[in-house]
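The structure under discussion appears below in the form of structure tokens.
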Amino acid sequence: MPVTGETLVVNEIYASIQGESTFAGRPCVFVRLTGCNLRCRWCDTAYAFYEGTRRSVDDVTDEVTGYGLPLVEITGGEPLLQEACATLARRLLDGGKTVLVETSGAQPIDMLPPGTIRIMDIKCPGSGESDQMDWRNLTSLTPRDEVKFVVADHADYVWACATILRFDLTQRCTVLFSAVHGELPDRELAEWILADKLDARLQLPLHKHIWEPGTRSV
């Protein structure tokens, strides 16, 4: 259920190396919020579905600021289920932070304040959740934003390419591709992108290469 009000249910806050997006490789503070309305087949953060502590926006802002890093990502779960996610993003932006918010795109992204970098994880059919997408969100994307497709097989890749074409995504924002870890070889996905001369970026989730897959707080 959505969380309303000026508090957040927080699963964890930690500093790590950003593993994905065009910010990959940079030190980043992650704020993982509790709760998700999707159940992707390969979700690696299922512990965030229910585990969490209710905290004030001020308290979360103070802890994030204490890390002294300029880059922050609000993630989940699905962070946009919590109204105060937008308040937290605004506080962090006002404090001079670069703020990324990773969302599935199943919730309206326009709730976020201007200046937020919205990273939309568009769910391919292989995830089991592609029918939950709010397609209106794609018309709101700007060059500041990014979309990513996590691809399990060639059918997912073809679906993603059709979605890119349908919404002219390469002209709207940065487009990222990832292979489902342990299911699709990165090299195979790279070869498809090269063969199609796709204007997209292949990303290798750095945190899964630096640390063992399944390691928390990385």
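For the range 32-74, a residue qualifies if it is crowded, with 22+ Cβ neighbours inside 10 Å, within 22 Å of residue 174 (Cβ to Cβ) and not acidic (Asp, Glu), and the qualifying residues are 72, 74. Taken as a whole, the condition of being surrounded by 17 or more Cβ atoms within 10 Å (Cβ to Cβ) and either modelled with pLDDT of 95 or more or assigned to a strand (DSSP E or B) (or both) applies to residue 148. You will find that of 204, 138, the residue that is under 18 Å from the mean Cα position of the chain (by Cα) and buried (at least 21 other Cβ atoms within 10 Å of the Cβ) is 138 and no other. In the range 93-105, the count of residues that are among the aliphatic types (A, V, I, L, M), free of Cβ contacts under 8 Å to residues at least 60 places away in the same chain, surrounded by fewer than 21 Cβ atoms within 10 Å (Cβ to Cβ) and over 24 Å from residue 13 (Cα atoms) is zero.
Condition (residue is acidic (Asp, Glu), out of contact with any Ser or Thr (no Cβ under 9 Å at 6 or more places or on another chain), surrounded by fewer than 17 Cβ atoms within 10 Å (Cβ to Cβ) and modelled with pLDDT of 95 or more) applied to the range 179-186: is it met by at least one residue? Please lay out each step first, then the result.
Let us first name the residues in the range 179-186 that are acidic (Asp, Glu), namely 183, 186.
Now narrow it down to the ones that are out of contact with any Ser or Thr (no Cβ under 9 Å at 6 or more places or on another chain): 183.
Next, only the ones that are surrounded by fewer than 17 Cβ atoms within 10 Å (Cβ to Cβ) stay: 183.
Then keep just the ones that are modelled with pLDDT of 95 or more; that gives none.
Within the range 179-186 (the criterion being acidic (Asp, Glu), out of contact with any Ser or Thr (no Cβ under 9 Å at 6 or more places or on another chain), surrounded by fewer than 17 Cβ atoms within 10 Å (Cβ to Cβ) and modelled with pLDDT of 95 or more), the answer is no, since none of the residues qualifies.
Taking residue 163 as the residue in question, decide whether it is of a type in the set (Val, Ile, Thr), farther than 16 Å from residue 110 by Cα and either outside any loop (DSSP other than H, G, I, E, B) or touching a Ser or Thr at 6+ places or on another chain (Cβ under 8 Å) (or both). Yes. None of 108, 27 is surrounded by fewer than 20 Cβ atoms within 10 Å (Cβ to Cβ) and farther than 21 Å from residue 150 by Cα except 27.
Run down 165, 138, 184 and say which single residue is over 17 Å from residue 198 (Cβ atoms) and either free of Cβ contacts under 8 Å to residues at least 60 places away in the same chain or not β-branched (Val, Ile, Thr) (or both).
So the residue among 165, 138, 184 that is over 17 Å from residue 198 (Cβ atoms) and either free of Cβ contacts under 8 Å to residues at least 60 places away in the same chain or not β-branched (Val, Ile, Thr) (or both) is 138.
The values are calculated or read from the model by the stated rules, or taken from the named source; none is laboratory data. In this text, all values refer to a predicted model and were calculated from it rather than measured experimentally. All Cβ positions, even for glycine, are placed from backbone atoms using ideal geometry, and neighbour counts span all protein chains on display.
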